[in-house]
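The values are calculated or read from the model by the stated rules, or taken from the named source; none is laboratory data. If you're wondering where the values come from, they're calculated on a predicted model, not measured in any experiment. Here Cβ is always computed from backbone atoms with ideal geometry, including for glycine, and neighbour counts include all displayed protein chains.
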Amino acid sequence: MKNILTALLVALLVGLAVPALGTEKGPVRITVRIFKIPAEQSWEGALPDGRGGKISLRASGNIISGFPRGTILIPTELAGNASDSAVGQTIGEHVAFGWVNLAAGRIQVRELKTFDFTLGKGRTGAGSRFEESLGEGRAMNYDVRVELISAGQSETLVRLRFDAGWSASGGSIGVGFSESVISTVAAVPESRLLLVGAPGEKAVYFIAVCAASKGTE
């Protein structure tokens, strides 16, 4: 009897710990947009002149040196198809970019790729690899992965992973390097972008992600 009760208790705990996929809604479409903020940029900034005014300056440098050394999540009211400039403006409102004491006003934010993954009903994970050519046999290599944990009515819980690296080849010789930039669990809202960002070797990367029931535009 004791063994039966123990087995029932274990089964109950396992059932509570692992959400049943698809019980609250059907397959979900996860839209993933990859944005890159290069470390080295030129921008216009301003410093106090000591007399209550400001001096406008043009500077160049590493604008991501002050970025937090971990993953940050920024909830937004942006639609899934928001423009690059709107995404960049929202990031700039939440994160301070600049060099030494000179804050960067407008920063360069570039979208690398957009993916739509349909998850649920037996397919709990998806991903894709892609590259950005740098010319002369050099390239940046990227790998994005999404794993569905649970799907509710107002938000979808997923595990996000994003790796970035570089490769170079000349003749029969090739070298490369890759690192995990983002690896986190996030609650993704319905039809609004969640921005998930972290620093890489020479850039800050943001994943802009939102969810929608399959068939919803």
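Remarks
- The set of residues in region 99-117 that are over 18 Å from the mean Cα position of the chain (by Cα) and either among the polar types (S, T, N, Q) or at pLDDT 85 or above (or both) contains only 101.
- If you go through region 73-85 and pick out every residue that is loosely packed, with under 15 Cβ neighbours inside 10 Å, of a type outside the set (S, T, N, Q) and under 19 Å from residue 106 (Cα atoms), you end up with 1.
- Flag if residue 192 is under 28 Å from residue 28 (Cβ atoms), crowded, with 16+ Cβ neighbours inside 10 Å and without any contact (Cβ under 8 Å) to a residue 24 or more places away in the chain: no
- Pick from region 57-113, criterion basic (Lys, Arg), touching a residue at least 40 places away in the same chain (Cβ under 8 Å) and part of a strand (DSSP E or B), ranking: farthest from residue 142 (Cα to Cα): 110
- Of all residues making up region 171-217, the number that are outside any strand (DSSP E or B) and either in contact with a Ser or Thr (Cβ under 7 Å, 6 or more places away or on another chain) or at pLDDT 95 or above (or both): 1
- When region 45-56 is filtered for residues that are part of a strand (DSSP E or B) and among the basic types (Lys, Arg), only 54 remains.
- Residues located in region 44-58, provided they are at pLDDT 80 or above and in contact with a Ser or Thr (Cβ under 8 Å, 6 or more places away or on another chain): 58
- Residue identified as touching a residue at least 60 places away in the same chain (Cβ under 8 Å) and part of a strand (DSSP E or B) among 148, 134: 148
- Scan of region 54-72 for residues that are within 26 Å of residue 188 (Cα to Cα) and surrounded by 15 or more Cβ atoms within 10 Å (Cβ to Cβ), ordered by number: 64, 67, 71, 72
- Counted residues, region 151-161 - those being part of a loop (DSSP other than H, G, I, E, B) and crowded, with 16+ Cβ neighbours inside 10 Å: 0
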